[in-house]
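What follows is one structure encoded as structure tokens, with my remarks underneath.
Read-outs throughout are calculated quantities, based only on the coordinates presented, and are distinct from any laboratory measurement. Quick caveat: nothing in here was measured; it's all calculated off a predicted structure. Every residue, glycine among them, receives a Cβ derived from its backbone with ideal geometry; neighbour counts consider all protein chains shown.
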Amino acid sequence: MYNAEAALGKAKMRVAIVGTGYAAKLRAEALLQDERVQLVAVAGNKPERTHTFAQDYDIEAVAAWKELVEREDIDLVVISTINSEHGAIARGALTAGKHVIVEYPLSVDFTEAKELIALAKAQQRLLHVEHIELLGGLHQALKQNLDKVGHLFYVRYSTVNPQHPAPRKWTYNHEMFGFPLIGALSRLHRLTDLFGEVFTVNCHQRYWEKEADYYQTCFCITQLCFASGLLAQVIYGKGETLWQPERKFEVHGDQGALIFDGDTGFFTQAGEQTPIEVGTRRGLFAKDTTIVLDHLFDGTPLYVTPEESLYTLKIADAAEKAAQTGLTVFLTDN
């Protein structure tokens, strides 16, 4: 759909990054290793960090993302900044005729995300929402071994990260991070990729406040009933009021269970456990970047569509409504 060299009439696609944090640095390193692109500029929220980032990668520092997306010497914008800004930056970049890569979530607002997908189609520009959890060793091991457990009936996915003290940064900010399962959309996206359509959503969550805009802890527990009848429980927590770290994914069926605890996996039946090899979590941003560039230049398929990410965002939005009202949310096609 997008043959960049033919469409642009130039040897290299020119790329800019919005953001200066961990993901932005990994994107910059991946882009600098690819001869098909030229990394041109970066915009960030803090001038000092933006200038340091620009110096580190020998690119131009731009004062604001609005200025960046309007530049004629940019073909692709990579959005690796705080969640609450994703939607506005993606809209600005698409409206200006740029291709867009954005770290999940596409937006913290479901309606806005839906509009952005429509805008990308109208502009005939690529909109790719990163979901590197699908590329990692854990997810691949799950897919490869799922048929061993027989008929599925229960899944539990828990990621709990105690932090003492809790950092005062955007990931602990109500507005900047968004509702926990929107900000951490990958926790739900693993499930929708593996198990399909969701029928009902329950959710309970609470914050321990630190300041008006920041919290010291959040804890969220969500129950999804899939159209297949599968029941899934997702637990997400981080901060000071939590004491035991956990990163565990369990899949239970009538023929056995898959248990992944950290980077260790095994298939278990009555009295027997068989180890499962779990691949690395390293290099996934670089892999995502290469897949997108291959798609732009050669038309090779992507591993995830924006519509798939949007569906998971719809479930996360339902979880937020369920947490606010205490009621079960029934998902419809609307």
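Observations on the model:
- Note on the chain: antiparallel DSSP beta bridges, both residues inside, total approximately 60 percent of the bridges counted.
- Taking a straight line from the alpha carbon of Lys321, these aspartates and glutamates sit under 18 Å away, with near neighbours fewer than eight places off in the same chain left out: Asp109, Glu112, Glu175, Asp333.
- The residue among Val251, His151, Tyr207 whose Cα reaches farthest toward the positive pole of the charge dipole of the chain, with charges on the beta-carbon of Lys, Arg, Asp and Glu, is Tyr207.
- Formal net charge of residues neighbouring Gly183 (Cβ-Cβ distance under 12 Å; K, R +1; D, E -1): -1
- Check: the stretch 240-334 dipole with +1 on Lys, Arg Cβ and -1 on Asp, Glu Cβ, in debye: 160 debye
- Charge dipole of the chain (Cα centre as origin; +1 on each Lys and Arg Cβ, -1 on each Asp and Glu Cβ, all else neutral): 280 debye, rounded to the nearest 20.
- Around the Cα centre of the stretch 4-130, unit charges on the Cβ atoms of Lys, Arg, Asp and Glu (plus for the first two, minus for the last two) sum to a dipole of about 240 debye.
- Pairs of Lys residues in the stretch 4-130, spaced 8 or more positions apart or belonging to different chains, with C-alpha separations under 19 angstrom: 7 in total.
- Modelled spin labels at Leu327 and Arg282, positioned 7 Å past Cα toward Cβ, are 5.0 nm from each other.
- Cross-link reach is defined here as a Cα-Cα straight distance under 13 Å, omitting same-chain residues fewer than 8 places apart; for Lys210 the aspartates and glutamates meeting it are Glu240.
- Within a straight-line Cα-Cα reach of under 19 Å, Lys143 can be paired with the following lysines, leaving aside sequence neighbours fewer than 8 residues apart in one chain: Lys248, Lys287.
- Whether the stretch 4-130 is rounded, prolate or oblate, judged on the alpha carbon gyration tensor where a/c under 1.5 counts as rounded: oblate
- Compactness of the chain as Cα Rg over 2.2 N^0.38 Å, two decimals: 1.02
- Counting charges near Lys121 (Lys, Arg +1; Asp, Glu -1) among other residues having Cβ under 14 Å from its Cβ returns a value of +1.
- Taking each residue as 0.36 nm, the span from Ala227 to Thr264 lengthens on full extension beyond its C-alpha to C-alpha distance by 10.4 nm.
- Degrees between helix 86-95 axis and first principal axis of the chain (Cα, 0 to 90, nearest 10): 40 degrees
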